[in-house]
Amino acid sequence: HRHLLGIDQLSPVEISGLLDLADGFVDINRQVEKKLSTLRGRTQINLFFEASTRTQSSFELAGKRLGADVMNMSVGSSSVKKGETLLDTAVTLHAMHPDLIVVRHHAAGAVELLARKVGCSVVNAGDGAHEHPTQALLDALTIRRHKGALQGLIVAICGDVLHSRVARSNILLLNAMGARVRVVAPSTLLPAAIDRIGVEVHRDIRSGIRDADVVMMLRLQRERMSGAFVPSVREYFHYFGLDAAKLTLARPDALVMHPGPMNRGVEIDSDVADGPQSVIREQVEMGVAVRMAVLEALASNLPNA
Ligand code: CP
């Protein structure tokens, strides 16, 4: 592939291959000397139209550890503020001959549109409620390292599924790899066609996480809601927040996951987020390794490679 726009473009063999490659980078990242040279001489631009802590910093570290020159475009201080369109920004950056552009944008489909306009490889770092493929890959790597395989595991994805590109990419990946996916949310936070995409739907968190191997909590994306559709935080936590009592319903060895940023006391209690079953910090570590794997896999298809 030339680009990574979504999990929907990857076969199970390609997903396994990326996870195997990332596994090797986990060991390299734990060494004192982390620098490799796959992307030496290459230029990577990180173009983030939406806020990010984990994704942007890990793509920057991943590119640098592979030897690329990495530039972070600060959109807040760019000419986007002066009304430049996405495509004009893309064409402008393209004129500087980057080899890779990593893009996050608030509109679903914006990253694919940009990929059609530039001559280099494009990686989707999250587009609206559409896809966040490297998040699903890092979640899969985290699960695989603990459970050995994804096949047959019960994974409960809980919370604001409606607004979540993380949920969408995870559902695609986990289904492709033979896991059993449940989504757990109030009806108001579920997409209309949710029962047509191969998941079990639960509107009660107790049934949703019962006997689950993995409990993946999602952030309540209040900034994407308005008016009567914004749930009260207290009520949401009571019914859909994960706390120690609810977690006892899952398997005793269930992993607790969250892509971040977390709203403590809204979708997850601190006791659980920081508890022995939590792998939330490990997810961040896997994020660097997975992004190195994606960049390396794309490197062989870069122009003049
Ligand atoms: N999980 C995730 O995408 O986090 P950031 O928004 O901090 O990048």
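The residues LYS34, LYS117, sorted by heavy-atom accessible surface at 1.4 Å with ligands and nucleic acids left out, run LYS117, LYS34 from largest to smallest.
Between amide H atoms placed 1.01 Å from N, distances below 5 Å from GLU200 occur with VAL181, ARG182, VAL183, all of them 5 or more places distant or on a separate chain. Looking at the chain alone, DSSP beta bridges between its own residues are antiparallel in about 5 percent of cases. Of ILE194, LEU220, GLY241, which is farthest along the charge dipole of the stretch 194-250 in the positive direction, counting Lys and Arg as +1 and Asp and Glu as -1 at C-beta? The listed residue farthest towards the positive side: LEU220. For the stretch 87-92, 3J(HN,Hα) computed residue by residue from phi via the Karplus equation (6.51, -1.76, 1.60; θ = phi - 60°) reads 6, 5, 4, 4, 5, 4 Hz, glycine and proline entered as x. The charge dipole of the chain, taken about the Cα centre with unit charges on the Cβ atoms of Lys, Arg (+1) and Asp, Glu (-1), comes to about 280 debye, rounded to the nearest 20.
Suppose R0 equals 25 Å. What FRET efficiency, 1/(1 + (r/R0)^6) with r the Cβ-Cβ distance, do ALA244 and ARG281 give to the nearest 0.05? FRET efficiency, ALA244 to ARG281: 0.85. When the helix-only estimate is applied to the chain (DSSP H runs of n ≥ 4, each -39,500 (n - 2.57), divided by the residue count), what is the mean residue ellipticity at 222 nm, nearest 500 deg cm²/dmol? -11000 deg cm²/dmol, from helical runs alone.
Solvent-accessible area of the chain (1.4 angstrom probe, protein heavy atoms only): carbon and sulfur portion equals 52 percent.
The aspartates and glutamates within cross-link reach of LYS34, meaning a Cα-to-Cα straight distance under 19 Å and a gap of 8 or more places when in the same chain, are ASP20, ASP23, GLU60, ASP69, GLU282, GLU285, GLU296.
If amide hydrogens are placed 1.01 Å from N in the peptide plane, which non-local residues have theirs closer than 5 Å to the one on ASN72? Those qualifying (amide H under 5 Å, at least 5 residues apart or on another chain) are ASN46. Take every Cα pair under 8 Å whose residues are at least 6 apart in sequence, average their separation, divide by the length of the stretch 164-204, and the relative contact order is 40 percent. Take every Cα pair under 8 Å in the stretch 101-223 that's 6+ residues apart, average their separations, divide by the length, and report that relative contact order as a whole percent. For the stretch 101-223, the relative contact order is 24 percent. GNM, the chain, Cα, under 10 Å: largest mean-square fluctuation among GLY159, GLY119, GLY198? Judging by the Gaussian network model, the answer is GLY198.
About its Cα centre, the dipole of the stretch 27-83 is roughly 80 debye, where the only charges are +1 on Lys and Arg Cβ and -1 on Asp and Glu Cβ. Taking 29 Å as the straight-line reach from the Cα of LYS246, the lysines in range (excluding those fewer than 8 positions away in the same chain) are LYS147. Using the average count of surrounding beta-carbon atoms within 10 Å as a protection proxy, the listed peptides 122-133, 233-244, 186-197 rank, highest first, as 122-133, 233-244, 186-197. Take 65-72, 166-173 and order them by the average number of nearby Cβ atoms within 10 Å per residue, most first; the result is 166-173, 65-72.
Can you find, among SER77, ILE157, LEU174, the residue farthest towards the positive end of the dipole of the chain? Put +1 on the C-beta of Lys and Arg, -1 on that of Asp and Glu. The residue sitting most towards the positive pole is SER77.
Find which of ASN263, ALA273, ALA293 sits farthest along the positive direction of the dipole of the stretch 262-305, computed with +1 on the beta-carbon of Lys and Arg, -1 on that of Asp and Glu, about the Cα centre. It is ALA293. Shown in residue order for the stretch 28-34 are the 3J(HN,Hα) couplings computed by the Karplus curve 6.51 cos²θ - 1.76 cosθ + 1.60 at θ = phi - 60°: 5, 5, 8, 7, 5, 8, 10 Hz (x for Gly and Pro).
In this structure, ALA192 and LYS81 have a Cβ-Cβ separation that, at R0 = 45 Å, corresponds to a calculated FRET efficiency of about 0.80. Taking only the C-alpha atoms of the chain, the Rg (one decimal) and the largest Cα-Cα distance, Dmax (whole number), read 19.1, 56 Å.
In order along the stretch 179-192, phi translates into HN-Hα couplings of 7, 9, 9, 10, 10, 10, 6, x, 3, 5, 10, 10, x, 4 Hz, rounded to whole numbers, per the Karplus curve 6.51 cos²θ - 1.76 cosθ + 1.60 with θ = phi - 60° and x for Gly and Pro. What relative contact order, as a whole-number percentage, does the chain give when Cα pairs under 8 Å and 6 or more residues apart are counted? Relative contact order of the chain: 21 percent. For the stretch 1-63, the Kirkwood hydrodynamic radius comes to 14.1 Å, computed from all pairs of different C-alpha atoms.
The magnitude of the dipole of the stretch 48-140, with charges of +1 and -1 set on the Cβ of Lys/Arg and Asp/Glu and taken from the Cα centre, is near 160 debye. Note on SER37 and SER207: the extension gain reaches 56.3 nm, defined as 0.36 nm multiplied by sequence separation minus the Cα-Cα distance.
A simple spin-label model places pseudo-atoms 7 Å from Cα toward Cβ; at ASP20 and ALA149 they are separated by 1.5 nm.
The values are calculated or read from the model by the stated rules, or taken from the named source; none is laboratory data. Here the structure is a predicted model, which means the values were calculated and not measured. Neighbour counts are summed over all protein chains in view; Cβ atoms, including those assigned to glycine, are modelled from backbone coordinates with ideal geometry. The accessibility values were calculated without ligands, DNA or RNA, using every heavy atom of the protein model including side chains. Shrake-Rupley method; radii C 1.70, N 1.55, O 1.52, S 1.80 Å.
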